[in-house]
4 protein chains.
Amino acid sequence: MNPLELKGVLPPVATPFTDDELDTEALKRNLEKYNKTGLSGYLILGSNGEGVYLNEGEKRAVLGAARQAIPQDRIFMAGMGQESTRETIRWVNISAEIGADCALIVTPNFYKGLMTFEALRRHYLAVAETAKIPILIYNVPQFTGVNLTPDLIEALSSHPNIVGIKDSSGNIGQLAEIIRRTPNDFAVFVGSAPVFYPALCIGAVGGILAVANVIPEVCVALKERFDAGNHGEAKNLQFKITPLARWVTAEHGIGGLKMAMDEVGYEGGLPRSPLFPPDESHRSELKALLEPFRS
Amino acid sequence: MNPLELKGVLPPVATPFTDDELDTEALKRNLEKYNKTGLSGYLILGSNGEGVYLNEGEKRAVLGAARQAIPQDRIFMAGMGQESTRETIRWVNISAEIGADCALIVTPNFYKGLMTFEALRRHYLAVAETAKIPILIYNVPQFTGVNLTPDLIEALSSHPNIVGIKDSSGNIGQLAEIIRRTPNDFAVFVGSAPVFYPALCIGAVGGILAVANVIPEVCVALKERFDAGNHGEAKNLQFKITPLARWVTAEHGIGGLKMAMDEVGYEGGLPRSPLFPPDESHRSELKALLEPFRS
Amino acid sequence: MNPLELKGVLPPVATPFTDDELDTEALKRNLEKYNKTGLSGYLILGSNGEGVYLNEGEKRAVLGAARQAIPQDRIFMAGMGQESTRETIRWVNISAEIGADCALIVTPNFYKGLMTFEALRRHYLAVAETAKIPILIYNVPQFTGVNLTPDLIEALSSHPNIVGIKDSSGNIGQLAEIIRRTPNDFAVFVGSAPVFYPALCIGAVGGILAVANVIPEVCVALKERFDAGNHGEAKNLQFKITPLARWVTAEHGIGGLKMAMDEVGYEGGLPRSPLFPPDESHRSELKALLEPFRS
Amino acid sequence: MNPLELKGVLPPVATPFTDDELDTEALKRNLEKYNKTGLSGYLILGSNGEGVYLNEGEKRAVLGAARQAIPQDRIFMAGMGQESTRETIRWVNISAEIGADCALIVTPNFYKGLMTFEALRRHYLAVAETAKIPILIYNVPQFTGVNLTPDLIEALSSHPNIVGIKDSSGNIGQLAEIIRRTPNDFAVFVGSAPVFYPALCIGAVGGILAVANVIPEVCVALKERFDAGNHGEAKNLQFKITPLARWVTAEHGIGGLKMAMDEVGYEGGLPRSPLFPPDESHRSELKALLEPFRS
């Protein structure tokens, strides 16, 4: 692991397409703008990056473009989890060669009923053993239909190459259990913006937040207020962020996230099918949600 | 409503039985001990009070005994929700006559699929209109299989006789939404001890916590540290409380709660069938969990 | 148990109210009409009987009226399950004194997480031991949030006083497992009209079907065609019944069931709050669904 | 579409690995044995074929080997659904070029909450428009976490290039609704062996059944008895098949399925990680389940 500390705010960076084709130049332009904010790093090819819609060549191109655009002092985390253990290992090491600092490994999930404690334990340990960079666990039951229990996270957290987790369940009780039961240097990120401030209160080191593609500065400000012990302002920022955060995730998903990026000057564009953008009739709603953030 | 402010820590008081018969004297002895702590009041006949296992005469006896033992300066909240609107109204007003300060109304839930926004809105408004004391809404999807959405809570919160909610979902994102969307004087209690501290951070006024039957002083201390702005100690107390809180609710339920009460000098006894106590083999585990609280 | 054989079609009889008050005369008039059909008996105070909305006196009155109106050669099954074991036993024996032939015992369900295999096994065995009439198990996870597994049913089915089950899960795989693993004289009823014919194919002895409150003759005809080995006509009747059956259960519930009863000459009326009838705008839809059954 | 009629029993063919590498020779040997039975065809790269664990080259190799081993008078159905519409189209047409007769398209499912009626409708229609061979819809909510409603299936069934469905939900009520609401020539296959016979009763044209990898003749015999109007024997075969069918799917999954294939003379071997085989301690249980099928 490079000496970058795992903490702060990272966006799960959206992947731009032009006429349905990957547009790495647009990606780099977005990253260059983000670099001017206080974001501590980037998750490339995470859930919001439509990684599942890219072929092998496209994924390599995204990683390469990201490496060019991400400065060495920001975290470059790559979403590299695949269904099989062998493909996961292969992709983690591809990302290592291209220059990612660490890899985020989503739960394999197609055979849900078979993804037992033991199957998942073996999977993560096998990946950790073989990976050339540190890995973080990614728990996102709303997409995978599989929840990683605190028991399992505790068991995995003692491996020296498993350095943290992104928990997007939104379940703060579970997040607290994970924090309570893992070593102090195990980096627990929350992946759900509507509970960013409560997650920090209970000990999360940061957030990997879709809405940070749209309002990175405000997400960073919340973290800074919290770090300064200013709970009142941090709570107020939470309430300010939540409606927009829900719109770009739970309510409208990636199509909505990209529409919001377009509205504020980043390059979002359209998601790939079967995703599609919100109906234009929702745009005024979005503009109203963005209004509080315009100065 | 009497001038008591709705806030602080309340236990959902367990109901003692001796040889399977209601024992109101034991109940009063427990309450007298609790009165020496900083608890702000009591929920009588809540979920942990086995209200669903009592017949009409027994419920009246519990309410009467509670009224005798609860001082006027502590909140006497009565769990009075029934499946039908008419029975709910009848019971709220029985509790009013006996002297409860306010009533907690659990979601009607047998006909789950039919408990629509509109059915529940009508139900709560009809109860609120007719109740002689203020009511609070009780959301406990793990028992009811029905979740009350922030939309519904927002719609109900403007009624002058609906003064608050106990949300036991454990969902802090939802709790935050409820707080954000209801009036400032709408009292939002959390009903899940493992997220008590995060709930306070996001704006809850207090907790109605099963584990407060066992360690009332520690639950009160957490709230006091929070009120004093001492986030570090509040968080530490949260981590200290969580394992015991989980044991007496999610892991062993009311039988476990009562066993823990017995261990620390309150009168718990056995729950009514079909509930039953944890196997004796679990008692050493319980003792270990209680150890940190012995001085 | 009287010598009545447990099989055939039984409606879970709706309970009529007039101006929100129990109307036992209307109930008796409905039963007298039903007596002219080939129904093999009646479930009184089942889920569709709004038993959870009746107080003790009302429930006794319904049982008494039913005993008057039900001939000795038809099954009188009483829905008597309560949350506690002691109240369940008390009610089963009240129904026995009033003259029910057998009692249907719904799963206790408020403390869902605590209703383990062992808790439910003890509950049903305790009731069976003490009941003065035979009992049947009632599995209805859509209302209770608790599913009774084939393992548990198998374990209970060897008790001489547990004579059958009503499974309303709609899960035909589970129904088949129950049939495969219980004694031949253990009466397995299906409680979901859209799968009545497939349930008969796999070995169910009959159906306890809400829609049999509306079109008893057609439900009986399906069973008769099946018994005669006429699978083609039985299947056609199934397809004919399904849309109406879904309308009066999944889509509109008891309010819809009662509206449909009114339409065809039975006395349905209004359900008790928080249930309410379908909006009048749905009546033409209902009339269209009833059309195929008018001759 | 070639003139092959879509009906009968098809196994979702397991994919053999030797030392974790794809073994197309073993696959062909299995298919040659299956060709001596009454199976009407094969699903290649279905869920039980571990398609999600194969890379592009491996998938092409499996399709090519299958084309060599499958006679022209048996159905060659290829499981070609991918997360994105464009990759799905690409793969359907790859399979068409290699010689598949039709393609089975599993629901895209990673972004579960975004897989709305409209998103799925557009996806399936776009694939159907562009596919060079007919497609069937694949509904398997236990793996995808997404259920395709009868409303959606009805809407899709009128497209001339969408010729059928495999429904593995196990929900016979839903299967019946699909059959009732789609054209007579829309081929409805059931994908759950424990409800094969009830599904046939209600109108399914056949079954795509994991257990048909192990006991193809018995599955075919059930269908033949049913077609001959011999419901008694068909039901008996159902009860005979169910315990083994559950063992190789719900209980032990693909690792169990492959162990069972090995036991009866096919080449199963080990699944790819994170799947793993049942512990050897389960083998005697498996042998007992296979005993009734040895003659």
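Each reported figure results from applying straightforward, stated rules to the coordinates on display, with no laboratory input. Just so it is clear, the model here is predicted, and its values are computed rather than measured. Here the Cβ is made from the backbone with ideal geometry for all residues, glycine too, and neighbour counts use every protein chain on show.
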**Request:** Please sort through the DSSP H helices of chain D and keep those with an alpha-carbon extent of at least 30 Å along the long axis and a Kyte-Doolittle average not below 0.0.
**Result:** none
**Amide H partners (placed H, <5 Å) of D:Ala103, local residues excluded** = D:Ala78, D:Ile135, D:Leu136
**Asked** Among the residues of chain D, which one places its Cβ closest to the rotation axis that maps chain D onto chain A, and what is that distance in whole Å?
**Response** D:Gly145, 2
**Prompt:** Where a ≥ b ≥ c are the square roots of the eigenvalues of the C-alpha gyration tensor, would you call the stretch C:226-273 rounded, which needs a/c under 1.5, or, failing that, prolate if a/b is larger than b/c, or oblate?
**Reply:** prolate
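Give the calculated FRET efficiency between D:Glu233 and C:Lys33 to the nearest 0.05, with a Förster radius of 51 Å applied to their Cβ-Cβ distance. Write out the running numbers ahead of the final one.
Details: r = 41 Å, r/R0 = 0.81.
Approximately 0.80, to the nearest 0.05.
So what is the calculated 222 nm ellipticity per residue for chain D, using -39500 (n - 2.57) for each DSSP H run with n of 4 or more, over all residues, to the nearest 500 deg cm²/dmol? It would help to have the intermediate numbers written out before the result.
On the way: 12 runs with 129 residues, N = 295.
Here the helix-only value at 222 nm equals -13000 deg cm²/dmol.
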**Request:** Among DSSP beta bridges lying fully in the stretch C:3-293, give the percent that are antiparallel, nearest 5.
**Result:** 5
**Distance (nanometres) between label positions extended 7 Å along Cα→Cβ at D:Glu224 and C:His159** = 4.6
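Label the protein assembly as shown by shape, choosing from rounded, prolate and oblate, from the square roots a ≥ b ≥ c of the eigenvalues of the Cα gyration tensor; if a/c is under 1.5 it is rounded, and otherwise prolate applies when a/b is larger than b/c, oblate when it is not. List each step's numbers first, then the result.
Working: a/c = 1.68, a/b = 1.05, b/c = 1.60.
In terms of gyration-tensor shape, oblate.
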**Copies compared at C:Gly38 - label distances in nm, ascending, label defined 7 Å from Cα in the Cβ direction** = 3.3, 7.4, 7.9
**Fill in**
Non-local residues with an amide H under 5 Å from the amide H of A:Ala187, with H modelled 1.01 Å from N and Pro and chain starts lacking one, are A:Gly164, A:Ile165
**Fill in**
Inter-copy distances for A:Asp73, nm, shortest first, label points 7 Å along Cα→Cβ, are 5.8, 7.6, 9.5
**Fill in**
Taking the label point 7 Å from Cα along the Cα-Cβ vector, the copy-to-copy distances for A:Thr116, listed from shortest in nm with one decimal, are 2.0, 4.0, 4.4
**Request:** At most 12 other Cβ atoms within 10 Å and a DSSP loop assignment: could you name the trypsin sites (Lys or Arg not before Pro) in the stretch D:223-278 that fit?
**Result:** none
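Using +1 on the beta carbon of Lys and Arg, -1 on that of Asp and Glu, and nothing else charged, what's the dipole of chain D about the Cα centre, debye to 20? Write down the numbers at each step before the final one.
Working: 28 positive and 34 negative charges, 104 e Å.
Charge dipole of chain D: 500 debye, to the nearest 20.
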**Message:** Just to confirm my understanding: which cysteines in chain D have no other cysteine beta carbon less than 4.7 Å from their beta carbon?
**Reply:** D:Cys102, D:Cys219
**Prompt:** Could you give the dipole magnitude of the protein assembly as shown about its Cα centre, charging the beta-carbon of Lys and Arg +1 and that of Asp and Glu -1, in debye to the nearest 20?
**Reply:** 0
**Complete:** Note, the stretch D:101-106: 3J(HN,Hα) by Karplus (6.51, -1.76, 1.60, θ = phi - 60°), whole Hz, Gly/Pro = x, goes 7, 7, 10, 9, 10, 5
**Request:** Go through the stretch D:6-18 residue by residue and turn each phi into a ³J(HN,Hα) via Karplus (6.51, -1.76, 1.60, θ = phi - 60°); whole Hz please, and just put x for glycine and proline.
**Result:** 7, 5, x, 10, 10, x, x, 5, 5, 9, x, 10, 10
**Complete:** Treating only Lys and Arg (+1) and Asp and Glu (-1) as charged, each at its beta carbon, one finds that the stretch A:210-254 has a dipole about its Cα centre, in Debye to the nearest 20, of 120
**Request:** Using label points projected 7 Å from each Cα along Cα→Cβ, tell me how many nm separate D:Leu290 and D:Gln68, to one decimal.
**Result:** 2.7
**Item:** For C:Ala14, distant residues with modelled amide H under 5 Å away
**Value:** none
**Message:** Apply the Karplus curve 6.51 cos²θ - 1.76 cosθ + 1.60, θ = phi - 60°, to the phi angles in the stretch B:42-50 and return the couplings in whole Hz, x for Gly and Pro.
**Reply:** 9, 9, 9, 6, x, 4, 6, x, 6
**Prompt:** Who wins for biggest fluctuation among D:Gly256, D:Gly173, D:Gly46 in a Gaussian network model of chain D, springs between alpha carbons below 10 Å?
**Reply:** D:Gly173
**Relative contact order for chain D, counting Cα pairs under 8 Å that sit 6 or more residues apart, in percent** = 18
**Request:** Please give, to one decimal in nm, the separation of the simple spin-label points placed at A:Arg90 and C:Ala126, each 7 Å out from Cα toward the Cβ.
**Result:** 5.9
**Prompt:** In terms of the Cα gyration tensor, with a ≥ b ≥ c the square roots of its eigenvalues, is the stretch C:77-129 rounded because a/c is under 1.5, prolate because a/b exceeds b/c, or oblate?
**Reply:** prolate
**Item:** In the stretch B:202-295, chymotrypsin sites (Phe, Trp or Tyr not before Pro) in a DSSP loop with at most 10 other beta-carbon atoms within 10 Å
**Value:** none
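Of C:Lys166/C:Lys235; C:Lys235/D:Lys166; B:Lys59/B:Lys132; A:Lys7/B:Lys7; B:Lys28/B:Lys132; B:Lys7/B:Lys235, which pairs sit farther than 28 Å apart, going by alpha carbon to alpha carbon? Spell out each step's value before the answer.
Values: C:Lys166/C:Lys235 22 Å; C:Lys235/D:Lys166 21 Å; B:Lys59/B:Lys132 18 Å; A:Lys7/B:Lys7 35 Å; B:Lys28/B:Lys132 25 Å; B:Lys7/B:Lys235 19 Å.
Beyond 28 Å: A:Lys7/B:Lys7.
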**Asked** aspartates and glutamates near D:Lys112 by alpha-carbon distance under 20 Å, same-chain residues fewer than 8 away left out - which ones?
**Response** A:Glu50, A:Glu83, A:Asp167, A:Glu251, A:Asp279, D:Glu83, D:Glu87, D:Asp151, D:Asp167
**Request:** Work out the charge dipole of chain C with +1 on the Cβ of Lys and Arg and -1 on the Cβ of Asp and Glu about the Cα centre, then indicate which of C:Ala78, C:Leu286, C:Ile153 is farthest towards its positive end.
**Result:** C:Ile153
